[in-house]
Every structure is written in structure tokens, then in C-alpha cells.
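The values are calculated or read from the model by the stated rules, or taken from the named source; none is laboratory data. For clarity, every value in this text was computed on a predicted model and none was experimentally measured. Please note: Cβ atoms are built from the backbone with ideal geometry, for glycine as well, and neighbour counts cover all protein chains shown.
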Amino acid sequence: MTAAASNAAAEALLAFWADAGVDAMLLDEPLDRIAAGRIAPPQPMARKAPAAAAPPPSPLRPAQADVSGAIAEARALAAAADSLEALAAAIAGFDGCPLKFEGAASQAVVYRGEPNAPLMVIGEGPGQDEDRQGQPFVGRAGQLLDKMLAAAGLTGRALITNTVFWRPPGNRTPTLPEQAVCAPFVERAIALVRPRMLLLVGGAAAKSMLQTDQGILSLRGRWREWRSSDGAMELPAMPTLHPAFLLRQPPAKKQAWSDLMTLTERLDRPERPA
Ligand code: URA
């Protein structure tokens, strides 16, 4: 086979995998975890008594892994950042979020938009386009978000970020420990930007920011109170539907629009003198 033909064959195979949703490669070489002894080889099926059910992990606490050290490190780094640029640099140099080594092909995706915006938009986590371009919400969902913000008169009045800064592999939802490790940076971004309110985009962002296990369909459309972990900051927060969901379910745009109207009505209301 000529070099050109083998390149074309490799490209066709990659395109086939991408169409099938395989768009991230985690390691250069396949890893035989059974041979490496990291996973027990499959055993012949044997009947055994059902194990006692483990109590379900609390949806509000990061249960899967002990991330307390990483959270403490993130807090220290975040506290030392005195500008958004310094915060972005601290995040880029932080190795405590496993996503950095799993899903992200290239870089940390931190924020875009106005550094002194009255509104902070917080989404779930970067996808493939964001990972490539290094900015949040730049793919199809992001383009829809921008159109919605523009239609609501919010262009140039928002800073956009996510609950995690590295792409989860295959665009899965970030886990609670992953979000918990990134949360000190999100809080610091809020402290630096000092927005008047938050727009929480999608269930994963709303649940993580509001520390609740309620679904987005019951959370959306009503004002909630976001509080920082030390209780020092409080902001009104509006949960709404994720634009990726709206792309799949266009009739739901009506609800997202109503959420945005509720938000802009409050944002545009003159602030009472203190
Ligand atoms: N979805 C998100 O939640 N965030 C992004 O940045 C892109 C898509």
C-alpha cells in the first residue's frame, strides 16, 4: 500500500470512529489491564448469595475518591490568584483534577467574556470544540447560548465558565469529585468578577452550584440562592436548560426563554441604593 493510501485508510477509520462517538484517545497504546493485574480476570460464573447492598452515596458529597487534598490545594491556589488571568494560569498548572489526564486532549478551558460582567454563566464542562479552542461554549451549544444571550440583550454583559475546566472523556457528565476539586476556582472566579447574579446552565451545573440533587426540570425558572462554601458570598442564581438539550428538544426553548426573561427583568431592575 502506498503512503497516501495508508493515510487515507487511517483517516477513513478515524472518521468512522468519530461518527460512532469515539472521539478521544486516552493512551497511545492499548493497555491490557488484565495482564497488568489491575483488574481481576473474569471468573467462571458461580452462584453466590447477593451481597448486602451498600448505602447509596450522598448526591451532595464527593464520594468516589478522596479528593480532600486536591480540594485544599485548589483552595490555596485560587486564594492566591488576584486576577482572572492569574486564576486561569493557576488552573492550567493545577494537576489535582483527574479530568486533566483523562478527557482533555489539549488544554484547560477557563472562561470567556467580560471580566466585570454583571452576569456569570456557569455550564457543565468543556466539550470537544472547547477543548480544541480553549474557550467555553464555542461549539454548537455555545453558539445557541450566544444567540439566546444576544436575543435577551445580554451580549457583552456575561462572563462564561463551567463547573470543570477539562473535557470529561466522551463528554460524559463530570462527577461530583471532579466538580468538587474545581469548585474553589469557580468560587474565586465569582469573587473576582463580582457578578450580580448567576445563570446555571443545565442540571450538572445547577446541582453542583446549588448543592442539591433536584433535577433541572424542577429547579429551572425559579430564583435560587447560591452561597460560597464559607458562606461569605451569596448571589441569586437562575437555573435553566442546557443549550445542548435545547438542540435536541427545540420545543423546550420556550422554557429557556422564559428563564432568561425572568433573569433580565431582575438584572435590568435599577439597584436600590445601599
Ligand atoms: N457545554 C458546557 O456545559 N460547557 C461548554 O463549555 C460547552 C458545552
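Of all residues in region 110-133, those that are more than 20 Å from R172 (Cα to Cα) and of a type in the set (K, R) have Cβ atoms under 7 Å from Cβ atoms of residues that are part of a loop (DSSP other than H, G, I, E, B) and within 9 Å of the ligand (Cβ to nearest atom), 6 or more apart or on another chain, in R112/Q135; R112/P136.
Could we say that L263 is assigned to a helix (DSSP H, G or I), surrounded by 20 or more Cβ atoms within 10 Å (Cβ to Cβ), modelled with pLDDT of 95 or more and more than 16 Å from the ligand (Cβ to nearest atom) here? Criteria met by L263.
Of the residues in region 196-204, at least one is part of a helix (DSSP H, G or I) and modelled with pLDDT of 95 or more. Within region 158-180, the set of residues being surrounded by 24 or more Cβ atoms within 10 Å (Cβ to Cβ) and assigned to a loop (DSSP other than H, G, I, E, B) comprises T163, V164, F165, W166, R167, P174. Tell me yes or no: at least one residue of region 215-231 is within 15 Å of the ligand (Cβ to nearest atom), in a strand (DSSP E or B) and either under 19 Å from G125 (Cβ atoms) or not hydrophobic (A, V, I, L, M, F, W, C) (or both). There is no residue in region 215-231 that is within 15 Å of the ligand (Cβ to nearest atom), in a strand (DSSP E or B) and either under 19 Å from G125 (Cβ atoms) or not hydrophobic (A, V, I, L, M, F, W, C) (or both).
Residues considered: A79, A90, A74. Of these, the only one that is in a helix (DSSP H, G or I), away from the ligand (no atom under 12 Å from the Cβ) and surrounded by fewer than 17 Cβ atoms within 10 Å (Cβ to Cβ) is A79.
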